[in-house]
Amino acid sequence: MDTNVAVFGAGMRESHGRTIHWQEMLRHELLAALEDDPVVILPVGSVEQHGPHCPMDVDISHTQALAVETALAIDDFPVIVAPPMWMGLTHYNMGEVGTLTISVETYIELLSQLCRSIWANGFRRIVVVNGHGGNRQIIKVVSIKLAEENIWMLPITFFEMVDDIITEQSDTDSTIGHGGEWETSLQLYLRPTLIDRDLQVADPEREDNFTEDILKYTGFPERRREREHGVHGDPTTASAEKGQLLFEAAKARLIEVCRQYHALPEWDYRQFGSHCP
């Protein structure tokens, strides 16, 4: 792929004739964007172990690439990619070397402050695109918290947009997994040189848990060393073709989200009245 997915860009203006990175834009470009109901995408993820064969930044690399490709695909209104929030809630992976994590309280405050800052700059359409399973619920909590302040953030975990692809096209993994079939496939598509296929291993599933019918509505949080090698799923069935299929489907759906969000009027917390100040 000819895609600039570097965290702080690397000459996108020169290579593409424009930049979609917040941090590369000039003052007048951000001011001009504000005139046309822009959408700001904030990628979030994590840096954590992903088994013996994957780099640590799997979960943020996916969403960074997805945000960039989505923004480049839309040229009739501004879509801006904010600097990514790479740290995530992944305390349960601290049982494996390479993992960096922050506390629930710190995560809520950091993401909230970033969204507040974007909003304070005048940008009223914020999409948080998440690539890490441990962040799924907390980004929804932050969205609810910010809504009470009349700051509107749309939380999306990218693999929930394409669960039909994962279910229908999988050879071994019916979920996104962790360093398994689908995450490894995405890396083989986006950054194949960072995968060591000689080190791939499929860890067996543990059986000391509730039955599937109960797990549909409850379950414990994740724990340390959930699998022997830190892999959930089977990376040996991964392929770049599967990665491209999943990425393009997620990109198409994120483009549609941005288009609909751009067309919506600004929301107001007290639009329909309130007896509270």
Only one of 76, 2 that is at pLDDT below 95, assigned to a loop (DSSP other than H, G, I, E, B), surrounded by fewer than 23 Cβ atoms within 10 Å (Cβ to Cβ) and at negative phi: 2
From the options 166, 139, 144, 151, residue that is over 20 Å from residue 251 (Cβ atoms), at pLDDT 95 or above and part of a helix (DSSP H, G or I): 144
Cβ pairs under 9 Å, 6+ apart, first in region 226-240 and surrounded by fewer than 19 Cβ atoms within 10 Å (Cβ to Cβ), second of a type in the set (S, T, N, Q) and not in a helix (DSSP H, G or I): 236/172; 236/200; 237/170; 237/172
So residue 21, is it over 17 Å from the mean Cα position of the chain (by Cα) and more than 27 Å from residue 203 (Cβ to Cβ): no
Residue within region 41-48 that is within 23 Å of residue 187 (Cα to Cα), of a type in the set (Asp, Glu) and outside any loop (DSSP other than H, G, I, E, B) present: no
Selection status of residue 87, out of contact with any Phe, Trp or Tyr (no Cβ under 9 Å at 6 or more places or on another chain), of a type in the set (A, V, I, L, M), more than 23 Å from residue 257 (Cβ to Cβ) and surrounded by 15 or more Cβ atoms within 10 Å (Cβ to Cβ): no
Residues being modelled with pLDDT under 95 and within 17 Å of the chain's Cα centre (by Cα) - total across region 222-258: 0
Count of residues meeting criterion [of a type outside the set (S, T, N, Q) and at positive phi] in region 114-155: 1
Flag if residue 105 is surrounded by fewer than 23 Cβ atoms within 10 Å (Cβ to Cβ), in a helix (DSSP H, G or I) and acidic (Asp, Glu): yes
Within region 152-172, considering residues that are acidic (Asp, Glu) and within 18 Å of the chain's Cα centre (by Cα), the one surrounded by the fewest Cβ atoms within 10 Å (Cβ to Cβ): 164
Residue list for region 125-148, restricted to those being more than 18 Å from residue 86 (Cβ to Cβ), charged (D, E, K, R) and without any contact (Cβ under 8 Å) to a residue 60 or more places away in the chain: 140, 145
Every residue from region 218-257 that is within 18 Å of residue 133 (Cβ to Cβ), assigned to a loop (DSSP other than H, G, I, E, B) and not basic (Lys, Arg): 218, 219, 220, 221, 222, 226, 229, 230, 231, 233, 234, 238
Some residue of region 38-53 being hydroxyl-bearing (Ser, Thr, Tyr), modelled with pLDDT of 95 or more, closer than 23 Å to residue 227 by Cα and crowded, with 21+ Cβ neighbours inside 10 Å: yes
Any hit, region 123-132, residues being of a type in the set (D, E, K, R) and closer than 30 Å to residue 228 by Cα: no
Residues that are assigned to a helix (DSSP H, G or I) and surrounded by 14 or more Cβ atoms within 10 Å (Cβ to Cβ), drawn from region 92-102: 92, 93, 94
Residue count, region 193-217 (criterion: under 25 Å from the mean Cα position of the chain (by Cα), surrounded by 12 or more Cβ atoms within 10 Å (Cβ to Cβ) and not in a loop (DSSP other than H, G, I, E, B)): 2
Matching option when the condition is among the acidic types (Asp, Glu), closer than 29 Å to residue 239 by Cβ and in a helix (DSSP H, G or I), among 14, 69: 69
All positions within region 91-118 that are modelled with pLDDT of 95 or more and among the acidic types (Asp, Glu): 105, 109
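The values are calculated or read from the model by the stated rules, or taken from the named source; none is laboratory data. Note that this is a predicted model, so its numbers are computed, not measured. Glycine also receives a Cβ, built like all others from the backbone with ideal geometry; neighbour counts cover every protein chain displayed.
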